């Protein structure tokens, strides 16, 4: 568990606060800027320290990485770093305020220096704040501009889609599990095979098959048109509806199987006794049968909800741009924009959400009731 689970996840999540790369590339600047109070421009020794650090950078790839890292704080920092790096290649003599401002006059703007002062520690709050649509400015922590707010809505969307898929799985899965539990061994085994069949098929294949079924000229629209139920094709894919349909189909077995396991162990003596005492069917279900199968409902719903939170392939294939979940952006930051800090921060928020979910379940229900009886 430590080698293959805790250490890899902990190492990845630590990137959300790690700032050693920036401190390691600008060590003299970070030491010199400690004495600056953040008002106006720093003193001459800070400019000289920055010049020394830039002269120590000999690889253009390292300079590009430094610029990309600082660009997360202020747009335009990457071009400033690259222009300074190029300008110092042919520079001879001492470096100070005048020389750096002559290379790029943005070194005469205090906000670029405040970023270095703010990021002078080995740990940074940049990514965690950004993942909550917050920013640390000279006036303190504030919400970002409305046009830059993305991640709170993204987390809300992820939670909503996961909750909706969980409810849909419960609506379709409860009757199916009940039929399996109430049927004879032969019919129950056949239904169980049909439930398990999706596990034998690749997730990518199952999702792609829904594209064939749900597209405007797909089988479902053709069937509805041939039956005269619609006059023109419905928009069933590349929207939220397509995400709900495909994810419910993929995750339905994860609710049916634990619920079926509990239902199979529920005897009929109590329900028959309640019915014999005159209780109507709805009362028998609500007050006698439902409490006995509640552990299975809780276990199945929590499993489906947690799996939904991290879904990536299905929303990416059948959803639209406004239907992508948080896993899509984690993949984007780690593989395309190479912003590991932001990807780790979003992953940490997702993990924290799961931990809070189980904490609430343990507090309200208790872990002993979450155990599925075999």
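Could you list 325, 180 so that the one with the fewest beta carbons within 10 Å of its beta carbon is first and the one with the most is last?
Exposure proxy ranking, most exposed first: 180, 325.
Rounded to the nearest 0.05, what FRET efficiency do residue 224 and residue 190 give with R0 = 30 Å and r taken as the Cβ-Cβ distance? Could you check? Walk me through the numbers before you get to the answer.
Working: r = 29 Å, r/R0 = 0.97.
With a Förster radius of 30 Å, E is 0.55.
Specify the angular offset, from 0 to 90 degrees and rounded to the nearest 10, of the alpha carbon long axis of helix 340-364 from the longest principal axis of the alpha carbons in the chain.
40 degrees
Using only the Cα atoms of segment 51-119, build the gyration tensor, take square roots of its eigenvalues as a ≥ b ≥ c, and label the shape rounded, prolate or oblate: rounded if a/c is under 1.5, else prolate if a/b is larger than b/c, else oblate.
On the way: a/c = 1.83, a/b = 1.20, b/c = 1.52.
Because a/c hits 1.5 or more and a/b fails to exceed b/c, segment 51-119 counts as oblate.
So if R0 is 56 Å, what FRET efficiency would residue 183 and residue 143 give, r being the distance between their Cβ atoms, rounded to the nearest 0.05? Please report the intermediate quantities before stating the final value.
Working: r = 55 Å, r/R0 = 0.99.
Efficiency at R0 = 56 Å is approximately 0.50.
Could you calculate the contour length gain from residue 360 to residue 4, that is, 0.36 nm times the residue separation minus the distance between their Cα atoms, to one decimal place in nm?
125.4 nm
Compute the long axis of helix 203-214 from its Cα atoms, compare it with the longest principal axis of the Cα atoms of the chain, and write down the angle in degrees, 0 to 90, nearest 10.
70 degrees
Hey, what number do you get for the chain at 222 nm if only DSSP H runs of n ≥ 4 count, each worth -39500 (n - 2.57), divided across all residues, to the nearest 500? Show your work: numbers first, answer last.
Details: 21 runs with 241 residues, N = 374.
Dividing the helical sum by the residues of the chain leaves -20000 deg cm²/dmol.
Sticking to Cα atoms, compute the Rg of segment 170-237 to one decimal and its Dmax as the biggest Cα-Cα distance, whole number, in Å.
16.2, 45
Per the Kirkwood definition applied to all pairs of different Cα atoms, how many angstroms is the hydrodynamic radius of the chain?
Values: mean 1/r = 0.0397 Å⁻¹.
It is 25.2 Å.
For residue 199 and residue 211, compute 0.36 nm times the residue count separating them, minus their Cα-Cα distance, and round to one decimal in nm. Spell out each step's value before the answer.
On the way: separation 12, 0.36 × 12 = 4.32 nm, distance 1.88 nm.
Full extension from residue 199 to residue 211 adds 2.4 nm.
R0 = 45 Å: FRET efficiency of residue 64 with residue 307, Cβ-based, nearest 0.05?
Values: r = 38 Å, r/R0 = 0.85.
The pair residue 64/residue 307 has a calculated efficiency of 0.75.
Please work out the Kirkwood hydrodynamic radius for segment 151-370, using every pair of different C-alpha atoms, and report it in angstroms with one decimal place.
Its Kirkwood hydrodynamic radius stands at 19.6 Å.
Cα atoms only, segment 259-374: Rg and Dmax in Å?
Final numbers for Rg and Dmax: 20.5, 67 Å.
Using alpha carbons only, how many degrees (0 to 90, rounded to 10) separate the axis of helix 185-196 from the longest principal axis of the chain?
20 degrees
What list do you get for 131, 261 if you sort them by fewest beta carbons within 10 Å? Kindly include the intermediate steps, with their values, before the conclusion.
On the way: 131 26, 261 18.
Taking fewest neighbouring Cβ atoms as first place, the list is 261, 131.
Read-outs throughout are calculated quantities, based only on the coordinates presented, and are distinct from any laboratory measurement. Values in this document were obtained by computation on a predicted structure and should not be read as measured data. Backbone-built Cβ (ideal geometry, glycine too); neighbour counts: all protein chains shown.
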